[in-house]
Amino acid sequence: MGCSPSILSSLSNNHNNRKDSGLYCSNNSDTNSNKIDAHNETNTALANQILVQSSNKDVLEKKDCVKKDSIVSVSGFGHITHNFTIIPSSIRRATIGTSAPSNSRLGHRKSSLALTPEEDCPVEPTIKLHDGKYPYLIPPNPSVRALIVFYKDDQVSDAVLRSCERLNIEITRAKSTDSALELFQSPLNGGHHLVIVDGRCKNTDVESFGRSLRSSKGSQYTIMVCVVKKSVFEKDDTSILSLLDVGYNRCIIESPHVSILSSELRQIQHSLIRPQNVIATQQALYAALHRVKDTVIITDDALRIQYMNKQAERILGMKIDEVVGRPLHDFINSDASVLLSQTNRLREFDGTLSFTRKVQDPILLHVRAYPVACLGKSTTHLILSLQASGSHEMGLPSIPQAKEPRGSLHSIRRGSFDIRSIASDGLRRTSLAKLSSLPLEAPITKVLSLLTQVQENCSSDEARLLDRVMDFLKREGLYSPQIKEIRPEDPVATDLIGALLTQGPTNVVSSRRSSNESIIRSGSRQSSTSASVPKIKMPTHVSELLECALDWDFEIFRLEELTEKHPLVYLGTELFRRFDVYNTFNCDETTFRSWLIVIESHYHIVNTYHNSTHAADVMQATACYLQQLANRDLKIMDRLDEATALIASAAHDVDHPGRSSAYLCNSDNQLAILYNDVCVLESHHAATTFRLTLSDEKINIFKNLDRDMYKLARSIIIDMILATEMTRHFEHLAKFVSVFGNDAENKDIVIKKYPLKLPNDEDNQMLIRRMLIKCSDVSNPTRPLKFCVEWARRIAEEYFIQTDDEKRKGMPIVMPMFDRATCSISKSQIGFIEFIIQDMMNAWDGFIDMPELVQYMQYNYTQWKLFEEQGINTLNDIKRKQMSITNANLSSMKLDEMM
Ligand SMILES: Nc1ncnc2c1ncn2[C@@H]1O[C@@H]2COP(=O)(O)O[C@H]2[C@H]1O
């Protein structure tokens, strides 16, 4: 049996810190087949350089430990000709570098080419496996199998057979072309290295037989020899050429002499069969490389890619066919001159380069480039071994190999790095190993890896602390807060925050479940297609009011009144116009206005809070933020961002039933069923937006966008609407703060730094968009007091109606404290500002620089505190208070007068 440490084994042996599987190959036969095309002849030279055959006893003994599923089989001559055994690194380490004894023949049987037993001397001089930096190939000398196709027995056929015997060639005999083809293709008898065909017989079409043989599966490495009459050589060379053209490799002159034919065959064996076997072995090597975890690319000396393995295909997102022959430079963003200059001087290169990928962002990879000289003394090929550059980026040491674990860290460390070691059963091991070989890495995995490396080199106290940190990081819901600071004596806030942050059905006590009642009755609303689209005449007082459409103290309730509860259409038309959305979407104003009418008609006018005035208010806040971002010339939002933000905010609560998601879950509402109790309302708002918009060309504001643009716009709008779901409030806030900070004092720095703080532009853009719509959605506590109080009254009323309803139906009560008889609205606002609004608005102001948000919020907060002290709790109390606020006309006071 022949065995060869692979290219990867030898590479990783040099660096001794890799955990890849080792490769060993043998040229035995077996069952399966796995074919790969050889790429070009230069790679054969490379294979010569990097393959080695050995009869290493160690490996033979250890082979028993190797699992069956780690054997890769490759066909060369119709059958499996090479088995590569992927051996776990632990075993590999024990065998790498173990040279065979110097007098060993390293995998060579006794020469089969000797004419007499006395001549049976070594064909090759003894070569040490590790003479050079990399193992050399001793050309494999296979046990040759030949198919002899002679139609009759005569002196020549007899001489051929005897010559084969002399050379220890295993013979299969056929006397007709049909039986020859059958034998050649037979799984049992096939796999011939050599076919010798009698080309002397006039009745046999030797050319068509050659063609059939050549087109048989698994014949690409078979040497075909035709025995011809001497006269063929004497006449002209056209007959010879035609034979070569159909696939014969060689024509030899008939001879009855064994010595002459033996000599011919011996030359054929040397010059044709053995090189073919090298190529077949190389193919097996490619197959093995395709299976290993390492990322390997092979180039020629001019850095043109000759080969890349499956893992490289995965990482670069490209198929081998797309890269072979192309310069490596096409895929490298960074300067590769150092790599080239070092490897040209036969020196290894070790560094980090940025690689472009087909669709994904560029990736930083740690590159080890090994120059190989296959012809002469200068570099002919480079072997690149690539690794995600995580550990190198931070100058951290490489992932440690089996080091003695330190106390409790053991399991974590092993869990993080040596997947194979944590799995006890084979199946799990296989799937985990597969998983680890995928080009997928979550950022959190990377973080855990880095922390584990840090742990290796710190004190046990620090290591224990890191243990705890990693425990937290491994948990799900990293950004889902546990309520911890709400005072127990603050039941209203607890109720409100609990309800806002909790998803799905409530577990609170229920007296009685109602039967099949559902608050939403589908089909009761007017369908968009039947909605008429009247031409809207903008009354003068409305247009005057809309002149202030971008003021933070815009009179939204006045607009509600003037438009008879249709503020969205008027304000929306104005805001779309101001942000030039019509041009952005290449769509006329009428379509947009019709869209606004339909969307507005699907807001429930009976809801006290979640009606179209709320939608208009959110849209107005969004417009103010967009304006501010545009004024500051930060170029954060492009036209599509602006348009989609306005559309998302206008539609973000469409068809809101005036009940919370928890209520819908508790009442087994059809929407809760449809969305599996997850993000029920927001999913419904987003889906309804698109259902309505696409259902009628007259209102389809997307109709002139091309498909890609539409998909982009759609994904942004959906993402923004879903971001208004409060259960993920802290997650969105925490992510935003982690990127942009929350230091209002340093807002200039934050803003200036912004362009530099972009590890991934699109991710951050998404954080901004989400934060923008969230801060619009709950902007009411940051508006002038009279608006803030009115919104508080409206939401409280809506909550009370829900509680009334729950009580009436005997359902679980989602917010028991929001009972109209007992609730303190002031307290609920204090809690809402403290727990939900304050941090968010501070962070948002820090980013967008709108201090009035925080100033109004702080003022409103102090007012709510005051109201609470004054015992202003119920709706009636609030209404009375509103009167006095309106009389004092606080909303028109300058902010500094308020403070
Ligand atoms: N002033 C407020 N007081 C209490 N809760 C509010 C207030 N404003 C908004 N909310 C809640 O915050 C939620 C934000 O998402 P929704 O619009 O779905 O529903 C909103 C209300 O439940």
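Computed over the range 200-259, the convex hull of the alpha-carbon atoms projects to a mean area of 4.7 nm². When a 1.4 Å probe is rolled over the protein heavy atoms, the share of accessible surface on the range 206-277 that falls to carbon and sulfur comes to 52 percent. Averaged over its residues, the range 577-647 has an accessible area of 32 Å² per residue, based on protein heavy atoms and a 1.4 Å probe. Global dimensions of the range 271-344 from alpha-carbon coordinates: Rg and Dmax equal 14.2, 44 Å. Heavy atoms of the protein chains alone define the surface here; on that basis the range 229-342 has 42 Å² accessible area per residue at 1.4 Å probe size. Based on Cα atoms of the range 575-682, Rg over Rh with Rh as the Kirkwood radius reads 1.05. Cα centroids of the range 145-185 and the range 228-296: 16 Å apart. Loop-located chymotrypsin sites (Phe, Trp or Tyr not before Pro) across the range 208-270 with a Cβ neighbour count of 13 or fewer within 10 Å are lacking, with loop assigned by DSSP. Remark: for residue pairs 786/881; 319/358; 786/827; 202/235, the C-alpha separation exceeds 20 Å in no case. Look at where the Cα atoms of the range 600-625 and of the range 190-219 average out, and the two centres are 83 Å apart. Ligands, DNA and RNA left out, the 1.4 Å accessible surface of the range 754-876 is 51% carbon and sulfur atoms. According to the Cα-based calculation, Rg over Rh for the range 795-856 is 1.17, with Rh computed by the Kirkwood formula. Taking the range 186-295 as the region of interest, what is the percent of Cα-Cα pairs per 10 angstrom bin, listed from the shortest bin to the one with the maximum distance? Reading the bins upward from 0: 13, 38, 32, 11, 5, 1. Each listed q (0.15, 0.19, 0.31 Å⁻¹) maps to a log10 I(q)/I(0) for the range 230-269 from the Debye sum over equal C-alpha point scatterers, namely -0.41, -0.64, -1.02. With a cut-off of 11 Å between beta carbons, the residues surrounding residue 319 carry a summed charge of 0, where Lys and Arg count +1 and Asp and Glu -1. Past 23 Å, Cα to Cα: identify those pairs from 446/635; 446/735; 446/474; 446/711; 152/230, in the order given. Beyond 23 Å: 446/635; 446/711.
Quick one: plug the Kirkwood hydrodynamic radius of the range 212-365 (C-alpha pairs) into Stokes-Einstein at 37 °C, 0.692 mPa s, and report D in µm²/s. Reported coefficient: 168 µm²/s.
The values are calculated or read from the model by the stated rules, or taken from the named source; none is laboratory data. Values in this document were obtained by computation on a predicted structure and should not be read as measured data. Because the Cβ atoms are built from the backbone with ideal geometry, glycine has one as well, and the counts that use them run over all protein chains shown. Each accessible area value is taken on the protein alone, full model and side chains, heavy atoms only, with ligands, DNA and RNA left out. Shrake-Rupley method; radii C 1.70, N 1.55, O 1.52, S 1.80 Å.
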